[in-house]
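Colleague: First the structure, then my questions, so here it is.
The values are calculated or read from the model by the stated rules, or taken from the named source; none is laboratory data. Predicted model, so just to flag it, every value in this text is computed and none were measured. Here the Cβ positions follow ideal geometry from the backbone for every residue, glycine too, while neighbour counts run over all protein chains shown.
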């Protein structure tokens, strides 16, 4: 092993052997399952593989990577280290009946306060996290590239759902769309409205059962979604659980496609029913909302124009880039939390 690697491994062993580090690691056991594969002991491999220099700031994505990310930052003697929780993992786990909810709480409670700055995608979830853990997390919105505005025009009649179809909330939403919402629309309109599902899926999982359904097209991963949005009448997002903000809604807004979703689907976005979107709670309410927008070009035009304005003002790359720069400046200004909470 090269001398540099030996020195780094020794430094990490000393760091992780300090009482505070041992106490923090013990406090989060048992860890949520993703953290089992990202132990702080892997910090040596992360640094050596990346080739990053000592004194480099560190930004960490997701709560379960907080212990590993902090170990990397301490080994590098980073001037500051920031954490993007992305969403409220504990609340999502609770909503899904995932037993890891308490483990996510322990991770955030134990480690988040050791970072120079913490952010989440949703302002509402940032407030909740702050109250729960006594933090000062700030919102940094998800961003997308917003294409040139194209006023709504009547397109096909297909309903589109886009998402990672190996993710349980998305799986449940897609099944709800096909098995409950689509039949209710058919009953009201007297004709079948096709459904298109786009996103990675397990060939042996629940989505595979939808492949052979008539009037349902399961595309798998689609590298360029723009043509799909251009051919779709309505984006339908029947989510019943989720956290953060839904990029699938932001993309539909940017492509001027009307959106019908549930309260959890719209959570985290400052949008209102019948302003930028239509909201329904039950499959029947979602079906009624889809029919409402399919039968009114004026409504579709109003929704998409307002939604495009919203996404441009709040989630475009240029707007969010400024938020990111401000977040990193906050982290730089605060500096090394470990100087205030010594890991020794």
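Colleague: How many of the residues in the stretch 107-131 are over 19 Å from the mean Cα position of the chain (by Cα) and surrounded by fewer than 20 Cβ atoms within 10 Å (Cβ to Cβ)?
Modeller: Number of matching residues: 4.
Each row is one residue, and each column tells you yes or no for (1) modelled with pLDDT of 90 or more; (2) in contact with a helix residue (DSSP H, G or I) (Cβ under 9 Å, 6 or more places away or on another chain).
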residue	(1), (2)
17	no, no
35	no, yes
41	no, yes
66	yes, yes
69	yes, yes
92	no, yes
95	no, yes
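Colleague: Follow-up question, since we're still on this one. Among the residues of the stretch 206-225, count how many are surrounded by 12 or more Cβ atoms within 10 Å (Cβ to Cβ) and in a loop (DSSP other than H, G, I, E, B).
Modeller: 5
Colleague: If you don't mind, another one. Of all helices (runs of 4 or more DSSP H) completely enclosed by the stretch 259-344, which ones contain at least 3 residues that are touching a residue at least 24 places away in the same chain (Cβ under 8 Å), touching a strand residue (DSSP E or B) at 6+ places or on another chain (Cβ under 6 Å) and in the same structural domain as residue 59 (by TED's automatic domain parsing)?
Modeller: So the answer is 317-334.
Colleague: Among the residues of the stretch 189-201, count how many are assigned to a loop (DSSP other than H, G, I, E, B) and more than 20 Å from the chain's Cα centre (by Cα). Before the answer, list the steps.
Modeller: So in the stretch 189-201, the residues assigned to a loop (DSSP other than H, G, I, E, B) come out as 190-194, 199-200.
When the remaining residues are screened for being more than 20 Å from the chain's Cα centre (by Cα), the result is 190-194.
Count: 5.
Colleague: Follow-up. Among the residues of the stretch 130-137, is any within 23 Å of residue 250 (Cβ to Cβ), in the same structural domain as residue 332 (by TED's automatic domain parsing) and touching a residue at least 24 places away in the same chain (Cβ under 8 Å)?
Modeller: yes
Colleague: Where in the stretch 61-170 are there strands (runs of 3 or more DSSP E), lying wholly inside it, with at least 1 residues that are within 30 Å of residue 219 (Cβ to Cβ) and out of contact with any strand residue (DSSP E or B) (no Cβ under 6 Å at 6 or more places or on another chain)?
Modeller: Values: elements: 81-86, 117-120, 159-162.
Result: 81-86.
Colleague: Report whether or not residue 200 is surrounded by 20 or more Cβ atoms within 10 Å (Cβ to Cβ) and assigned by TED's automatic domain parsing to the domain that holds residue 236.
Modeller: Taking the combined requirement at face value, the residue does not satisfy it.
Colleague: What number of residues within the stretch 7-37 satisfy the criterion of being in contact (Cβ under 8 Å) with a residue 12 or more places away in the chain and either in a helix (DSSP H, G or I) or surrounded by 18 or more Cβ atoms within 10 Å (Cβ to Cβ) (or both)?
Modeller: 18
Colleague: Check whether at least one residue in the stretch 256-270 is under 23 Å from the mean Cα position of the chain (by Cα) and more than 25 Å from residue 171 (Cβ to Cβ), and report yes or no.
Modeller: Yes, because at least one residue in the stretch 256-270 is under 23 Å from the mean Cα position of the chain (by Cα) and more than 25 Å from residue 171 (Cβ to Cβ).
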